[in-house]
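Worksheet for the structure shown next.
The values are calculated or read from the model by the stated rules, or taken from the named source; none is laboratory data. On a predicted model such as this, the values are computed, not experimentally measured, just so you know. No Cβ is skipped: glycine too gets one built from the backbone with ideal geometry, and neighbour counts run over all protein chains shown.
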Amino acid sequence: MLQQLKEELKSSMAYSYFDMFNSVHDIVSNPTHYGFSDVTSACCGSGVLNAELPCFPVSNLCSDRTKYLFWDRYGHPTEAAARTIVNFVLSEDTQYSSPLTLTQLVSS
């Protein structure tokens, strides 16, 4: 879609698309590779998978939030998960970024 817009505008517009879905899917598929032990439960909440009720001051908290992908039932990432995703974004690897990485875009 962005490539089509670039062609329609006949511009030298530069952009970087980051594939968030597949980056998170990679983490879910290979949790130990990224340092996670739980990629299904929320770190903070109540009920099944800590995901039936939102995170409140009296909610259950996981013992080590660095090992969880999700903070709450809404799918917000933990700090560790956000750091992993940001590392993907800033990486020179084009696995999740196209046609340029963010670093390439900024330096162009």
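Side notes on the structure shown:
- Just one of the listed residues (Y34, Y15) is among the aromatic types (F, W, Y) and closer than 20 Å to S108 by Cβ, and it is Y15.
- The residues of region 78-108 that are touching a residue at least 24 places away in the same chain (Cβ under 8 Å) and either outside any loop (DSSP other than H, G, I, E, B) or acidic (D, E) (or both), listed by number, are A80, A81, T84, I85, F88, V89, S97, S98, P99, L102, Q104, L105.
- So Y17, is it within 30 Å of M1 (Cα to Cα), under 19 Å from the mean Cα position of the chain (by Cα), surrounded by fewer than 15 Cβ atoms within 10 Å (Cβ to Cβ) and in contact (Cβ under 8 Å) with a residue 12 or more places away in the chain: yes
- Selection status of S41, at pLDDT below 95 and either farther than 30 Å from L5 by Cβ or in a strand (DSSP E or B) (or both): no
- Members of region 44-99 found to be loosely packed, with under 15 Cβ neighbours inside 10 Å, farther than 20 Å from H33 by Cβ and among the acidic types (D, E), listed by number: E52
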